[in-house]
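J.: Here it is: the structure, laid out below.
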Amino acid sequence: MKEKLPNDKEQLEKDELEATAIEPKKAANIFSKHGKLIAIVAAVVVVAVGIFYYFSYTSKKNEEESASALSRIRMYFDQEMYSQALAGGDSVALVRGEKVLGLKEIADEYGSTASGKFASLLAGECYLQLGKVADAKKYFEKASTAKSEIIEKGGYAGLAVCSEKENNYQEAAKNYEKAYSAAMDASAKGRYMLYAALCYSKIGDKDKAIALLTDLVKDKDFSEFANPAKAELARLGTIIE
């Protein structure tokens, strides 16, 4: 007797039942083969998320701490008490019964924060005023890596001044140009261009000096520096009306 073939509906229902039975087995096989890898990936994701939140929290906490510390020591810098501003601690008065961190310690401990970068700039200036050029360069270098335009240009300008004190006018000119590039306002740009030009003039690089001085004279944005630029151009044998 010929076996009855199932109709299309019956066949579909049978296929669905078979598929339903097979899927869990497939999933079990996949997990059996790749379960360790899946677990590792999941663990890495969890750790990465944890690290992100940890560093976000730590970054915020460090910024708050460094800003508070900087506000406590800043008055000594403003009063030109450079040694005390650098050292803090026993050299200055307690605040709320606590010792105050000096600019050096703030810059060293919180160097990755905005306040830490500013502390580096102030520390560099303190060392420069105290005649410790090598130390000043170290902290101006830190300041020059800041995201803040004001601190960045200040860091490069500080490095340029240090190089001038070492009679390294080539390096000074380069750092003044970096300060010029970082600066946003015309007054700062013009000032650093003039200083760079004067440094190039001192090492006998007349072409670079004249190019910068000419820009200062011709650009109306730098009008406050036009007269000293013209005077230096005249000294170099170039007259611009």
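The values are calculated or read from the model by the stated rules, or taken from the named source; none is laboratory data. All values derive from a computational prediction rather than experimental measurement. Neighbour counts are summed over all protein chains in view; Cβ atoms, including those assigned to glycine, are modelled from backbone coordinates with ideal geometry.
J.: Between GLU177, GLU166, GLU149, GLU141, which is crowded, with 21+ Cβ neighbours inside 10 Å and out of contact with any Lys or Arg (no Cβ under 8 Å at 6 or more places or on another chain)?
T.: Result: GLU177 is the single residue among GLU177, GLU166, GLU149, GLU141 that is crowded, with 21+ Cβ neighbours inside 10 Å and out of contact with any Lys or Arg (no Cβ under 8 Å at 6 or more places or on another chain).
J.: Further question: Counting only residues that are over 24 Å from ASP135 (Cβ atoms) and of a type in the set (D, E, K, R), which one in region 66-103 is farthest from the chain's Cα centre (by Cα)?
T.: ARG96
J.: Given the criterion of a type in the set (A, V, I, L, M) and under 12 Å from the mean Cα position of the chain (by Cα), identify the matching residue among ALA160, ALA143, ALA119, ALA179. Even if it seems obvious, please write down each step before you answer.
T.: Numbers: ALA160 fails: under 12 Å from the mean Cα position of the chain (by Cα); ALA119 fails: under 12 Å from the mean Cα position of the chain (by Cα); ALA179 fails: under 12 Å from the mean Cα position of the chain (by Cα).
Exactly one residue qualifies, and that residue is ALA143.
J.: Among LYS104, LYS117, which is the only one that is basic (Lys, Arg), outside the structural domain of LEU198 (by TED's automatic domain parsing), in a helix (DSSP H, G or I) and within 18 Å of GLU64 (Cβ to Cβ)? Reasoning before the result, please.
T.: Details: LYS104 fails: within 18 Å of GLU64 (Cβ to Cβ).
Sole residue among the options that is basic (Lys, Arg), outside the structural domain of LEU198 (by TED's automatic domain parsing), in a helix (DSSP H, G or I) and within 18 Å of GLU64 (Cβ to Cβ): LYS117.
J.: Right, another one. Give all pairs with beta carbons closer than 7 Å in which a residue from region 78-96 that is in the same structural domain as LEU128 (by TED's automatic domain parsing) meets a residue that is of a type in the set (A, V, I, L, M) and assigned to a strand (DSSP E or B); count only pairs at least 6 apart in sequence or on separate chains.
T.: Cβ pairs passing all conditions: GLY88/LEU101.
J.: Follow-up. Are any residues in region 191-209 touching a Leu at 6+ places or on another chain (Cβ under 6 Å) and more than 12 Å from ALA173 (Cβ to Cβ), and if so, which ones?
T.: LYS206, the sole residue that qualifies.
J.: Right, next: Failed condition for ILE150, given (1) modelled with pLDDT under 95; (2) over 24 Å from GLU80 (Cα atoms); (3) among the aliphatic types (A, V, I, L, M), with all others met?
T.: (2)
J.: Give me the residue from region 110-132 that is surrounded by fewer than 18 Cβ atoms within 10 Å (Cβ to Cβ) and at pLDDT 95 or above and, out of that set, farthest from ALA173 (Cα to Cα).
T.: LEU130
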